[in-house]
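Inspection log for the structure reproduced underneath, given as structure tokens.
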Amino acid sequence: MTDQPRQRTNAPRFLALGCVGAFASSFPAHAQADQSEPKSPPDLGGVTVTDTVVTEGSYRTDRLDSPKYTAPLVDTPRSVTVIPQQLIKDTASTTLAEALRTVPGITMGAGEGGNPIGDRPFIRGFDSSNSTYIDGVRDLAAQVRETFDVDTIEVVKGSDSVTNGSGNAGGSINIVSKKPTSDRFIEADGSFGSANYQRGTIDINEPINDLIGVRLNGMYHHQDIAGRDDVWQKRWGIAPSVKIGMTGPTSLTFDYYHLHSNELPDSGIPYETVLANQPTANAQTAPATTAVRPRGAFYGLVDRDFRTIDTSEASVRFEHAFDNGFKLRNTASFTHVTQDYIWTQPDDSKGNVFTYGTVGRRALSRYSTETGLVDQTDLAGKFDTGGLHHSIAASLEYSAQQSSYGTYVANAAAGTTLPLSIACPTPTSGTNFNCTSLSNPTPNDPWTGTIQQSLPKTRVRSHSSTYSAAAYDTITVTDWLLFNLGGRYDHYDTSATAGVAATSTLNPSWINKKDNIWTYSAGVVLKPRPNGSVYFSTGTAAVPPGSFLAQGSEDNALTTVGISPNDLKVQKTTSYEVGTKWNLFDDQLALTLDAFQTKTSNARVANGDGTVSYVGTKRVRGIELSYNGNVTEKWSVFGGFVYMPSKILSTSPGATATTVYTVGKPFPNTPKYSFTTYTNYKITPKLTLGGGAIYMAKVYGGFSSGPGLVNGVTVNKTRATYVPDYWRFDANASYALNKIVTLKLDALNLTNKLYYDEAYATHYAHQAAGRTVIGTIAVRY
């Protein structure tokens with residue numbers, strides 16, 4: 001079937017939504033044709049390009065965007081979850097963190113100061129904040145990522161350094177952005193809801209001719225947080241994209257993305273007890289409960305706290321399809337991110353909560369700049385050697401990244417810090433409103449202190465460069481036997497300095513470390529049927545010291561307090577996985593069942609005081625069931641279940657804090673059980689109903705130990721911080737008034753459940769939003 005001739009009108013049209021405007025000309029005079037109608041693939045000079053044909057609005061995805069994955073998902077021997085754009089819309093997910101909540105086995109870790117506030121996903125219990133990618137290229141810096149320019153989100157689970165480099169011990173996250181396509185359309189959504197929710201998005205795609213296509217995405221967002229006093233968020237973003245070579249074998253794509261966000265950050269809820277006032281030697285402490293505080297209690301200061309982030313990313317991608325079926329792709333990307341905040345953390349370190357019923361206002365702050373440049377070249381294709389069929393990819397990569405951050409202080413020259421650990425016998429103790437009541441906080445206290453940026457010489461700075469080479473091959477021996485192989489070499493050169501004190505006359509000293517790392521993956525796939533597979537795979541990951549560049553968990557920082565750089569070792573992780581995958585109902589529904597084990601040597605954890613503890617060897621084992629796609633043309637499903645108990649197997653000789661992280665203990669941010677399910681059903685051609693459920697078991701924030709009294713006797717006490725398990729339910733409905741206009745209603749956290757979605761090692765846990773009801777008018781033309 002050939003495409004119908006495009007009808008054009010000479011009258012330009014102008015659309016504006018909030019602060020986002022765009023000019024578009026030459027749009028069709030009629031509404032877009034049915035998207036579910038299959039189209040013939042274009043002939044690119046002897047190279048045939050095909051796309052998986054799935055039902056419109058499906059949750060089904062056939063393969064990953066990156067050429068490094070050399071087989072369809074059903075023949076890829078590892079656990080992979082793809083969050084499609086339709087699910088992002090159906091769940092009203094506006095940020096990466098909200099979208100990732102739909103995937104079992106992922107928890108969101110809390111930030112603090114050394115671990116900056118921002119996206120901090122844990123995959124199978126491993127910090128993956130440094131394992132996030134945009135279109136296959138590493139995305140630097142702690143930030144809050146939006147979904148207005150997101151096509152799909154790919155989550156690969158298990159050790160994955162062979163694909164993307166450092167980090168990736170538990171897996172990786174690749175965000176596939178929206179690009180110009182051959183379809184001509186305008187999509188505009190306007191949303192209003194409870195807690196002052198306001199959001200507008202626009203997506204304009206215009207193929208100017210057979211050579212050039214343009215696409216523009218824009219967004220404005222404002223909301224308070226349901227169930228939380230005083231807290232609010234504002235942000236806007238714009239993402240233009242131009243592609244030259246829409247139908248030919250050669251193309252050049254230019255992308256730009258900018259996101260500005262401004263908010264009053266949530267101070268969180270303090271834990272109830274500290275070591276000193278625990279009644280027993282071993283105890284667990286959860287956040288302070290509603291019995292002693294209002295649900296919406298905000299312990300920050302409206303006149304002091306703030307957070308702003310600016311993210312700018314620019315990339316250019318060259319692609320060429322050769323006549324022999326090989327495809328060459330080069331991507332160059334530049335990222336610049338700034339983040340500034342002063343954020344009140346409810347301090348539990350002095351025992352205020354349990355002893356006095358008060359909260360100390362601990363001021364955490366940061367002003368930071370991060371930049372990154374990445375150039376990546378990929379070559380992929382297929383060929384035969386004898387009786388073997390190869391689907392191969394090779395990759396070369398260079399990256400240079402640097403980070404610098406300081407803190408806000410009361411006096412820069414003297415290095416006078418803002419208040420940190422504060423004893424609060426009464427809510428009015430201290431000076432300048434440094435204390436408040438647990439049950440009746442006063443966020444509008446007229447704070448009047450001085451705020452300055454710390455001196456440049458006090459800043460923590462780091463930079464790194466990386467050279468990488470990798471190769472991948474899926475070898476088809478027979479119709480029922482495949483081998484999947486991959487290998488990668490990385491050379492890391494990282495330097496860092498912790499700066500010097502404001503009053504010091506010394507120059508900051510730099511620490512440098514170089515590492516040469518080899519990682520691999522290997523798998524065997526048996527295919528009893530064309531639509532199914534049984535597989536076994538193994539893979540490795542490596543986290544070299546300093547690779548997070550102060551942008552995530554600092555358990556591997558070169559500047560870690562109390563640890564010599566010479567003692568820092570590469571954290572090495574090995575994963576094993578066995579499973580089976582099946583595509584059912586004409587390949588519209590994908591099912592996966594797998595069992596896995598991930599083991600890390602030289603494992604470390606970041607403590608609440610900024611130090612690091614060696615814990616030796618840790619292991620996460622588990623079973624995962626996942627499903628996504630369409631059961632029928634009307635019924636879409638997505639979700640899964642994960643059982644993954646974690647365990648410390650052994651402690652390293654000379655390890656610190658071995659009395660805390662002892663053999664047999666579970667690991668932080670690794671819930672034993674997690675479950676998600678989402679479904680949508682088209683009741684009539686116009687009416688669709690859907691909903692979802694999330695279950696998350698108890699999540700530990702961390703462990704600590706120290707001397708204390710029990711019945712008048714001094715003993716060594718241990719404390720485990722955690723957030724309890726919870727169920728959450730969502731619901732949605734949509735009604736198509738006609739082919740252009742659709743009305744949508746979302747109810748997030750339908751039962752208004754009080755629960756906590758992030759646990760920090762000390763001090764606080766993050767309380768999730770209450771029930772949020774959102775109405776949306778969606779226009780597509």
- prompt: Taking strands (runs of 3 or more DSSP E) that fall entirely within region 665-771, which contain at least 3 residues that are open to solvent by 60 Å² or more (accessible area, probe 1.4 Å) and more than 30 Å from PHE185 (Cβ to Cβ)?
  reply: 713-723
task: Give just the number: which of (1) open to solvent by less than 10 Å² (accessible area, probe 1.4 Å); (2) in a strand (DSSP E or B) does ASP151 not satisfy?
output: (1)
query: Within region 408-422, can you find the residues that are open to solvent by less than 60 Å² (accessible area, probe 1.4 Å) and either in contact with a Gly (Cβ under 7 Å, 6 or more places away or on another chain) or among the hydroxyl-bearing types (Ser, Thr, Tyr) (or both)?
result: TYR408, VAL409, ALA410, ILE422
Subset of region 116-139 [part of a loop (DSSP other than H, G, I, E, B) and either over 20 Å from ALA557 (Cα atoms) or among the hydroxyl-bearing types (Ser, Thr, Tyr) (or both)]: ARG124, SER128, SER129, SER131, ASP135, GLY136
- request: Just need a number here: residues in region 287-307 that are at pLDDT below 90, under 30 Å from the mean Cα position of the chain (by Cα) and not β-branched (Val, Ile, Thr).
  value: 1
field: Boolean, ASP230 is under 25 Å from ILE422 (Cα atoms) and charged (D, E, K, R)
entry: yes
- prompt: Could we say that ASN507 is open to solvent by 70 Å² or more (accessible area, probe 1.4 Å), part of a strand (DSSP E or B) and modelled with pLDDT under 90 here?
  reply: no
field: Selection from region 141-167 of residues that are of a type in the set (Ser, Thr, Tyr) and within 12 Å of the chain's Cα centre (by Cα)
entry: THR147
message: Looking at region 545-559, can you tell me whether even one residue there is surrounded by fewer than 22 Cβ atoms within 10 Å (Cβ to Cβ) and modelled with pLDDT of 90 or more?
response: no
field: Qualifying positions in region 449-484 - open to solvent by 60 Å² or more (accessible area, probe 1.4 Å), of a type in the set (S, T, N, Q) and in contact (Cβ under 8 Å) with a residue 60 or more places away in the chain
entry: GLN453
task: Report whether or not ALA400 is surrounded by fewer than 19 Cβ atoms within 10 Å (Cβ to Cβ), under 28 Å from PRO116 (Cβ atoms) and out of contact with any strand residue (DSSP E or B) (no Cβ under 9 Å at 6 or more places or on another chain).
output: no
- request: Starting from region 275-292, keep only residues that are farther than 22 Å from LYS753 by Cα and open to solvent by 60 Å² or more (accessible area, probe 1.4 Å), then list their pairs with residues that are part of a strand (DSSP E or B) and of a type in the set (Ser, Thr, Tyr) whose Cβ atoms are within a distance under 8 Å, requiring at least 6 positions of separation or different chains.
  value: ASN282/THR718; GLN284/THR721; GLN284/TYR722
- prompt: From the list ARG366, ARG361, ARG317, which one is touching a residue at least 60 places away in the same chain (Cβ under 8 Å) and open to solvent by 10 Å² or more (accessible area, probe 1.4 Å)?
  reply: ARG317
task: Out of ASP347, ASP323, report the one residue that is modelled with pLDDT under 95 and either open to solvent by less than 60 Å² (accessible area, probe 1.4 Å) or of a type in the set (Ser, Thr, Tyr) (or both).
output: ASP347
task: Could you tell me whether any residue of region 519-530 is open to solvent by less than 50 Å² (accessible area, probe 1.4 Å), under 16 Å from SER465 (Cα atoms) and either in contact with a strand residue (DSSP E or B) (Cβ under 8 Å, 6 or more places away or on another chain) or modelled with pLDDT under 95 (or both)?
output: no
task: Read through the list (1) assigned to a strand (DSSP E or B); (2) open to solvent by less than 20 Å² (accessible area, probe 1.4 Å); (3) modelled with pLDDT of 90 or more, then give the number of the only condition that THR494 fails.
output: (3)
- request: Given the conditions (1) in contact with a Lys or Arg (Cβ under 7 Å, 6 or more places away or on another chain); (2) in a strand (DSSP E or B), report the number of the one that TRP447 does not fulfil.
  value: (2)
message: Can you tell me how many residues within region 201-223 are farther than 21 Å from LEU264 by Cβ, buried (at least 23 other Cβ atoms within 10 Å of the Cβ) and in contact (Cβ under 8 Å) with a residue 60 or more places away in the chain?
response: 5
field: Qualifying residue in region 112-129 (condition: closer than 23 Å to ALA590 by Cα, open to solvent by less than 10 Å² (accessible area, probe 1.4 Å) and of a type in the set (A, V, I, L, M))
entry: yes
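The values are calculated or read from the model by the stated rules, or taken from the named source; none is laboratory data. Keep in mind that this is a model prediction, so the values were computed, not measured. Because the Cβ atoms are built from the backbone with ideal geometry, glycine has one as well, and the counts that use them run over all protein chains shown. Accessible surface is based on the protein model in full, side chains and every heavy atom, while ligands, DNA and RNA are left aside. Shrake-Rupley method; radii C 1.70, N 1.55, O 1.52, S 1.80 Å.
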